[in-house]
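Written out below as structure tokens is the structure these notes cover.
Since every read-out is calculated from the coordinates, none of them should be taken as a lab result. All values reported here derive from a predicted model rather than from experimental measurement. Using ideal geometry, Cβ is built from the backbone for each residue, glycine included, and neighbour counts are taken over all protein chains shown.
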Amino acid sequence: MSKKMMLLALAVASAALFALPAFASAEEIHWDTAATFTGTGAGGTLKAKGEPTITCGGTDVTNGTISAGGTTGTMTLDFTSCHTFIFGITAKCHTAGSPLDNTIASSGTSHLITWKNTSGTAFPAVLVTTVTTEIICAGISSTHVEGNVIGTITSPACGTSSKTMTLSFTSSVNASGDVTQTHELYTGKNYDLVARTGGGGGTPITAGLEGDATLTANTAGTLTCT
């Protein structure tokens, strides 16, 4: 298994661990009145040019909190059944120190924003900035990942009150075969994942995360996008 392949598994874990930059913007949005939450998902995949796809079978979000104003929050998260395939053989992936050989554990904070398409239409979204996380696949040396990823809030709609919020992360491939997140632009700046092999000192490679997750709050909150 190549070190770049381990990089992909690490990015799957880290991209979901919601750690966001400390800045304010007119493009921030709010999930008003919700205070705590949990969540589940079907896991996800991460792809990169010339590398095997990393797949996790499930996602569990616990200890979720939402700060006053409903823009930022904290959580702990486990990706389960994480693996990749090399020459038809399943190789399990986990974070360093995990008691299970196929679970990627992490934690962090989230930041709700609006994402604009090329026509200037705004959509509710979440910006994820990863903290550095170490992961190991099949006992190979560790890889570190950091950076940013933007996912779309598919429900509720702006102005709607709901106890649940669904997030979707998608990727795209350019003409050269490079895989990146579908949405990267926020406040005039591109956000993307960066992963490095060799103890964090290797050459970075971009990757695309794909997956969905549903958060369930303690009480219904209104998604305010203005």
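Want the number for T90 to T40: 0.36 nm per residue separation, take away the alpha-carbon distance, what's left?
15.6 nm
Report D for the range 77-226 in µm² per second (integer): Stokes-Einstein, Kirkwood Rh on Cα pairs, 20 °C, 1.002 mPa s.
125
Give me the one-decimal Kirkwood hydrodynamic radius in Å for the range 90-174, with the sum taken over alpha-carbon pairs.
When all Cα pairs of the range 90-174 are included, the Kirkwood radius is 15.5 Å.
How charged is the neighbourhood of F169? Take every other residue with its Cβ under 15 Å from the Cβ of F169, and add Lys/Arg as +1 and Asp/Glu as -1.
For residues surrounding F169, the net value is -3.
Amide H to amide H, which residues 5 or more places from T164 or on other chains are under 5 Å from it, using H placed in the peptide plane?
Those qualifying (amide H under 5 Å, at least 5 residues apart or on another chain) are A217.
Quick one: go through the range 151-173 and flag any residue whose amide nitrogen is under 19 Å from the point 7 Å out along the Cα-to-Cβ line of D192.
Those under the cut-off are 151-152, 169-173.
Could you order the peptides 71-79, 111-119 from most to least packed, using the average number of other C-beta atoms within 10 Å per residue?
71-79, 111-119
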